[in-house]
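One structure is given here, and the rest of the page talks about it.
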Amino acid sequence: MFTNKQIFGAPLAGITDKPFRKMVRLFSPDSPLYTEMISCHSLVGMHKNCLRNFDRYDEEGNIGTQIFGAEPVLMAEAAKILQDNGAAWIDINMGCPVPKVATRSGAGAYLMRDHVLAGKIMTAVVKAVKIPVSIKTRLGWDDAHKDWQDLVKIAVDCGVSFVALHGRTRAQLYLGNSELSPKPDFPIPVIGNGDIKNVSDLEKVQNLGYDGAMIGRAMLGKPWLLGELTGKCTKPGNVGNVVLQHLDSMLDYYGKRTAVQMFRKHAAWYSSGMPNSAEFRIKVNQLTEEKDLKLAIREFWSC
């Protein structure tokens, strides 16, 4: 079985912000975690409306900061900023499939179509920092272009330290099943990602020869999952207390007005599969005040 340092918490846009990472850390102190993807333009420009541009990572432990962009110079500058802010490693997003990133911006998954540009970005980032650099990518752009192995070979030549591979193409988005094939022999580690939810899934990834596993959407509403999979904890006895703690962290980070609205999705994920969860979600989505949201959570979980 993989060790706790071989099981990663994936970067999830709109999810793996500082408050969420804080909750995961309560249950899994040593696991490597990713930030949300960070725009190199926004970071270098220090856009004030994006709080993650000002995060520090010194006290968060093993945190990799993921950046996206299509300009090697800006990507290198962003990497240096994140290194100075305490990142343990820098990850280059080469797999995000959403149109605003992969088509309109020429970043994310688009780099699977332009290996020359991908190589320039990887080289620039590796040269800019002293900490490790990784990439996260997919099988390819579509079924006719599953050329991820070519991209990994370029990454090796550029000095990238490891690769995370999601078992879908860009064309699949998040539909269908993740399908990882046996890992070829590469001189750098390759981490398997996609539809990994339990110990059985971890064993499949390990049996395919991957050097680690990355847990993504399975963490939604379960910040303890990494801890469970690594044997560091069990599911909390009263989830409601965890929910309230997560909400408090978001209130501290975002402020009341923004946090209450943003937390609705987390409340839905935490309650998923429980009796009367549909009614709870409808109620929560109508709340705008901190005190009302906390009362609804306490009533639902009897905490």
Magnitude of the Cβ-charge dipole (Lys and Arg +1, Asp and Glu -1) of region 206-261 about the Cα centre, nearest 20 debye, reported as 180 debye
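Only helical DSSP H runs with n ≥ 4 go in: add -39500 (n - 2.57) per run for the chain, normalise by residue count and round the 222 nm mean residue ellipticity to 500 deg cm²/dmol.
-12000 deg cm²/dmol, from helical runs alone.
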For Lys283, the lysines lying under 25 Å Cα to Cα, once residues fewer than eight places off in the same chain are dropped, come out as Lys222, Lys256, Lys265, Lys291, Lys294
Here region 76-84 yields Karplus 3J(HN,Hα) values (6.51, -1.76, 1.60; θ = phi - 60°; whole Hz; Gly and Pro given as x) of 5, 5, 4, 4, 5, 4, 5, 4, 5
For the chain, the charge dipole (Cβ of Lys, Arg +1; Cβ of Asp, Glu -1; about the Cα centre) points to a positive end, and the Cα of Ser200, Gly64, Ile15 closest to that extreme belongs to Ile15
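Give the percent of DSSP beta bridges with both residues in the chain that are antiparallel, rounded to the nearest 5. Provide the component values of the computation, followed by the final result.
On the way: 0 of 30 bridges.
Just about 0 percent of them are antiparallel.
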When every protein chain stays in place and a 1.4 Å probe is rolled, Arg138, Arg113, Arg25 sorted by accessible area with the largest first are Arg113, Arg25, Arg138
Listed by chain and number, the aspartates and glutamates with an alpha carbon less than 13 angstrom from that of Lys120, same-chain partners under 8 positions apart left out, are Glu71, Asp157
Heavy-atom accessible area with a 1.4 angstrom probe orders Glu59, Glu299, most exposed first, as Glu59, Glu299
Sorting Arg257, Arg264 on solvent-accessible surface, 1.4 Å probe, most exposed first, gives Arg257, Arg264
Given backbone amide H placed at 1.01 Å from N, residues whose amide H is under 5 Å from that of Gln66, ignoring those fewer than 5 places away on the same chain, are Thr35, Ile38, Asp91
The size of the Cβ-based charge dipole (Lys, Arg +1; Asp, Glu -1) of region 11-79 about the Cα centre, to the nearest 20 debye, is 220 debye
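Would you kindly give the portion of the calculated P(r) for region 123-281 that falls above 24 Å, as a percent of all Cα pairs?
The proportion of pairs with Cα distances above 24 Å equals 51 percent.
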Over all directions, region 209-303 yields a Cα convex hull whose mean projected area in nm² is 7.2 nm²
Straight-line reach check, Lys22, cutoff 17 Å on alpha carbons, 8 or more apart in-chain or any other chain, hits among aspartates and glutamates -> Asp30, Glu36, Asp55, Asp58, Glu59, Glu60, Glu228, Asp248, Asp252
Whole-number value, in Å³ per residue, for the convex hull of the alpha carbons of region 1-64 is 85 Å³
With +1 at each Lys and Arg Cβ and -1 at each Asp and Glu Cβ, the charge dipole magnitude of region 102-220 around its Cα centre, to the nearest 20 debye, comes out at 440 debye
Applied in sequence order to region 114-131, the curve 6.51 cos²θ - 1.76 cosθ + 1.60 (Karplus, θ = phi - 60°) yields integer Hz couplings, x standing for Gly and Pro, of 10, 5, 5, 5, 4, x, 5, 5, 4, 4, 5, 5, 4, 6, 7, 10, 9, 8
Share of accessible surface on carbon and sulfur in region 222-303, whole %, 1.4 Å probe and ligands ignored, is 46 percent
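The values are calculated or read from the model by the stated rules, or taken from the named source; none is laboratory data. Note that the coordinates shown come from a computational prediction; the quantities given were computed from them, not determined experimentally. We place every Cβ from the backbone using ideal geometry, glycine too, and count neighbours over all the protein chains shown. These accessible areas exclude ligands, DNA and RNA; they are computed on the full protein's heavy atoms, side chains included. Shrake-Rupley method; radii C 1.70, N 1.55, O 1.52, S 1.80 Å.
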